[in-house]
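Comments concern the structure below.
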Amino acid sequence: MSTPGDGRADRGPADLLADARDMPDGEARIAELERVAALAEATGDAGTAMDAWAELVEAHLRGGQRWRLFEPVRRCLDTARRPQRPDDGTRPVGPDDETLRRYQRYAVEALLGTSRIGLDQARTVLDGLDDPTCHDGGALVAQLRCRIADHVGDEPTARHWLRRWRTAGPDPAAGCPDCLPVRQAELLAGWGDWAEALAAVEPLLDGTVGCTAQPEAALAAALLPWLRAGTAQRAGTAQRAAQAHVRAYRRHRVAPDGFDHLATHLRFCALGGHLDRGLEILVEQVPRLDQPHDDLAVMEFATAGALICTLAAEQRADRTVHRPTYHGRPAATVTVAALGAELLAVATELAGSFDARNGTGHQSGRMAAWLAERPSAPPVPLPADEPVDDEPIDGEPVDAGESVDGGEPAGDDEPAGAPGSDGGVRDGTTGERRSMAEEELGALSVTMITTVLDRRGDRYALDSAGTVLGRWGDAVIQFRRAGERGDVLHARVVADRRLPAARRAEAYAFCNGWNRDRLLPKAYVHDPGDGELVLAGEVATDLAYGVAPAQVTVLVDAAVRTGVAYAEAVAALP
């Protein structure tokens, strides 16, 4: 709220939106963006209102609570359809048509992830844009109608729209072109069309595509189809599944977008006979239930975890595991049967909420079918869980030195953990050995950033949206993942020293000089309207093709070093 003398009451929505954009991610920023959007609508500034709603959409994407973006998307679409003036048919300035159609997809996907949005609401958004290509079966709407039909259990309609989707031309708003075949494969696998599911993802399995989620997402989608392949080919396909699981889980165990794939990994362990491995994954990943995730992913994870526990209890009823803290439950040693009961209760409640919203029993029936599954053949050995430079998923037999369930390989010349036994590489300049994990490309994650700061011994704060904030001398620096897929490392530095608003020309001259003479950070002046100027800077690095932890170390070190130099230069101004 504005207070007398703070300079905000006399400023327009566009200026207030600029201030809100400079705030760190979190609930305070979300509340301010909502306030600015409402103010812009009340004053007739439709363009700023659309921009504020769009900022809220991006904020909820980064924060993980995707269901919260539904209302901002709806407001964006409503504002876009309204003329700026009664006698003017033009649309207000704001996000372009492709961005609005992408937001349309986000909103419908939010419906699939939670029961807190009504089906009629999502269908209204789906029909909202005046784009005749969509209603003729374009890729975007064909995909969304297919996924909605499948979600409520209408398989014939879903198959109809899948055929339309697969024959439609490319559409940038429909999503990453390398991820769309994975979604199609997941649908086909859910219907038991194993061969078709494998055919959908086969082109992605060599890892040469441009998406950072591949080939691991495609490998996860192929796990159950390979495991369910015909008996004549089962030995080879089951071995491919084992290799794919180990390779894909190495990424999914830590990647922010990996949680959606964990249920598949757990089901593979249950149906492939790797119960020890499944329990290890379950116990390791249970704390992630405290993080924001779509309800559908939580339901599937809990169901798959309950299946693992059921099978383990059938083998030995008194088997126990050390369950870490999650959902307010303290860490404790519990029987696998008790842990399974906890997870089953979570899954049952969520499935019931989906079915109550959908008016069908499909989700409860689907989860019941998962719980009724049992292994159909003896397990094949899992390869050792060690990253290598080239990992073809080719069905070759496991080396005799490799053990079942990812244990240590036998017969190595060096004992595990000995210097040089980790498959690492030695830095040609420093001579220090780096593990292959440090060199392995993966999706940017908050954990990568905090690990670097932990190693440096730096103190920092981490908020619920994943924004990392710390102080280094005269500089306050914020790290966050930006972009639609969270694949841009964005670092923002704010200098402690502020200049009076009367020195604006001098501040601009300083920033222009810095940007002319220095590469990083990009310097700029921000006027919050309180009589003082904030001198800030930013560094954005596009990591869409993946990043190794060793590279994140270099990027974070550079951001801190140059950010401190910038703040010191500001402090040295007369």
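Please state which one of 345, 297, 331 is free of Cβ contacts under 8 Å to residues at least 12 places away in the same chain, within 22 Å of residue 151 (Cα to Cα), among the aliphatic types (A, V, I, L, M) and surrounded by fewer than 21 Cβ atoms within 10 Å (Cβ to Cβ).
Every option except 345 fails the conditions.
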Just checking, does segment 501-510 include any residue being of a type in the set (A, V, I, L, M, F, W, C) and in contact (Cβ under 8 Å) with a residue 40 or more places away in the chain?
yes
Does segment 300-324 hold any residues that are touching a residue at least 24 places away in the same chain (Cβ under 8 Å) and either touching an Asp or Glu at 6+ places or on another chain (Cβ under 8 Å) or assigned to a strand (DSSP E or B) (or both), and which are they?
307, 321, 322, 323
Positions within segment 212-243 being closer than 29 Å to residue 450 by Cβ and either surrounded by fewer than 21 Cβ atoms within 10 Å (Cβ to Cβ) or at pLDDT 80 or above (or both), in sequence order:
213, 214, 215, 216, 217, 218, 219, 220
Out of 316, 357, 366, which single residue is farther than 24 Å from residue 243 by Cα, among the basic types (Lys, Arg) and exposed (fewer than 14 other Cβ atoms within 10 Å of the Cβ)?
316
Spot the failing condition for residue 479; the list is (1) modelled with pLDDT of 90 or more; (2) over 19 Å from residue 558 (Cβ atoms), and only one is missed.
(2)
Go through the residues of segment 534-546 one by one and say whether even a single one is over 16 Å from residue 489 (Cα atoms), charged (D, E, K, R) and in contact (Cβ under 8 Å) with a residue 12 or more places away in the chain.
no
Those residues of segment 454-469 which are part of a helix (DSSP H, G or I) and more than 23 Å from residue 259 (Cβ to Cβ), in sequence order:
455, 456
If the requirement is being at pLDDT 80 or above, assigned to a loop (DSSP other than H, G, I, E, B) and closer than 23 Å to residue 248 by Cα, which of these qualifies: 392, 397, 387, 383?
383
Filter result (surrounded by 15 or more Cβ atoms within 10 Å (Cβ to Cβ), at pLDDT 90 or above and not in a helix (DSSP H, G or I)) within segment 533-574
533, 534, 535, 536, 537, 538, 539, 541
Being within 23 Å of residue 257 (Cα to Cα) and surrounded by fewer than 19 Cβ atoms within 10 Å (Cβ to Cβ) is the filter here; which residues of segment 24-57 pass it?
24, 26, 27
Of 254, 283, 201, which residue is assigned to a helix (DSSP H, G or I) and surrounded by fewer than 22 Cβ atoms within 10 Å (Cβ to Cβ)?
283
What are the pairs, 6+ residues apart or on separate chains, where a residue within segment 269-285 that is polar (S, T, N, Q) has its Cβ under 7 Å from a residue that is crowded, with 21+ Cβ neighbours inside 10 Å?
285/262
When segment 13-46 is examined, which residues are found to be at pLDDT 85 or above and outside any helix (DSSP H, G or I)?
43, 44, 45
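The values are calculated or read from the model by the stated rules, or taken from the named source; none is laboratory data. Predicted model, so just to flag it, every value in this text is computed and none were measured. Here the Cβ is made from the backbone with ideal geometry for all residues, glycine too, and neighbour counts use every protein chain on show.
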